[in-house]
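> Questions regarding the structure given below will be posed in turn.
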Amino acid sequence: CDFVGLDYEGSARRATCHLLDRGATRVLLVEEDLEVSSVDARVRGYRRAIEERGAAEASIIRVPTRRSQSSTLPWDPADAYKIAQGFVAELEPGTAILTGSDYFALGIYRALQEAGRAVPGEIAVMGYGDHPFAAYLNPALSSVRLPAEDIGTTAVDLLLERLATPRETRAPRRVELEPTLVI
């Protein structure tokens, strides 16, 4: 069957490279602990960028989430907040944190604020999802925007093409759309 998805690996690579290009001396990846293709792809993209840029070793912090019970449950900022309380005070200035969800970034923002760390002055944070609240944080959260409308439109277009074309004449297509960085 046809498939429409996102280039999670490429977007995580671009986000990590952006943080390094902006002067980050180290980039941490805070990612949920689910074994799903989107998480695995983001981890690959992050590691690829770290390797390509010769940056400090990859550091991945896995966040246990209630999504392990059902991937349909929403993310909760408290999941990342609890984990971040244990490490944000120890971060060297110039560290950047890439999160697998804007909700994780929200929890990390709170932990950083409570630890007296300046964002982005000391620690940079980038989310994933570009949820509406990201623009209203102080400072506004940079994020990877997922093209949800484009996914729907592309899927419908492929379905309509499939319905209009005899089954035996068309091979299944795989389309991966590019998320964009919102700085």
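> Look at the range 122-149 and say how many of its residues are open to solvent by 50 Å² or more (accessible area, probe 1.4 Å) and either over 18 Å from the mean Cα position of the chain (by Cα) or free of Cβ contacts under 8 Å to residues at least 24 places away in the same chain (or both).
8
> Of everything in the range 101-121, what is open to solvent by 50 Å² or more (accessible area, probe 1.4 Å) and either of a type in the set (A, V, I, L, M, F, W, C) or touching a strand residue (DSSP E or B) at 6+ places or on another chain (Cβ under 7 Å) (or both)? Give them in sequence order.
Result: L106, single match.
> Also: Quick one: I60 ticks every box in (1) at pLDDT below 95; (2) farther than 25 Å from Y136 by Cα; (3) of a type in the set (A, V, I, L, M) bar one, so which box is it?
Result: I60 fails condition (1) only.
> Okay, moving on. Of the numbered conditions (1) modelled with pLDDT of 95 or more; (2) more than 13 Å from the chain's Cα centre (by Cα), A164 satisfies every one except a single condition; which is it?
Looking at each condition in turn, A164 falls short on (1).
> Which of (1) buried (at least 20 other Cβ atoms within 10 Å of the Cβ); (2) free of Cβ contacts under 8 Å to residues at least 24 places away in the same chain does S11 not meet, given it meets every other one?
Of the numbered conditions (1) buried (at least 20 other Cβ atoms within 10 Å of the Cβ); (2) free of Cβ contacts under 8 Å to residues at least 24 places away in the same chain, the odd one out for S11 is (2).
> Could you give every pair whose Cβ atoms fall below 6 Å, whose first residue belongs to the range 153-175 and is under 20 Å from L6 (Cα atoms), and whose second residue is surrounded by 13 or more Cβ atoms within 10 Å (Cβ to Cβ) and hydroxyl-bearing (S, T, Y), counting only separations of at least 6 or pairs across chains?
Hits for this filter: V175/T154.
> Evaluate the range 153-173: report whether one residue or more is under 22 Å from F104 (Cβ atoms), polar (S, T, N, Q) and touching a strand residue (DSSP E or B) at 6+ places or on another chain (Cβ under 6 Å).
Scanning the range 153-173 turns up no residue that is under 22 Å from F104 (Cβ atoms), polar (S, T, N, Q) and touching a strand residue (DSSP E or B) at 6+ places or on another chain (Cβ under 6 Å).
> Sticking with this structure for a sec: Does the range 27-41 hold any residues that are modelled with pLDDT of 95 or more and either touching a Ser or Thr at 6+ places or on another chain (Cβ under 8 Å) or of a type in the set (F, W, Y) (or both), and which are they?
Across the range 27-41, the qualifying residues are V27, L28, L29, V30, E31.
> A further question follows. If you take the residues in the range 150-160 that are open to solvent by less than 50 Å² (accessible area, probe 1.4 Å) and among the aliphatic types (A, V, I, L, M), which one is farthest from R173 (Cα to Cα)?
I151
The values are calculated or read from the model by the stated rules, or taken from the named source; none is laboratory data. Values in this document were obtained by computation on a predicted structure and should not be read as measured data. Using ideal geometry, Cβ is built from the backbone for each residue, glycine included, and neighbour counts are taken over all protein chains shown. All accessible areas refer to the heavy atoms of the entire protein, side chains included, with ligands and DNA or RNA removed. Shrake-Rupley method; radii C 1.70, N 1.55, O 1.52, S 1.80 Å.
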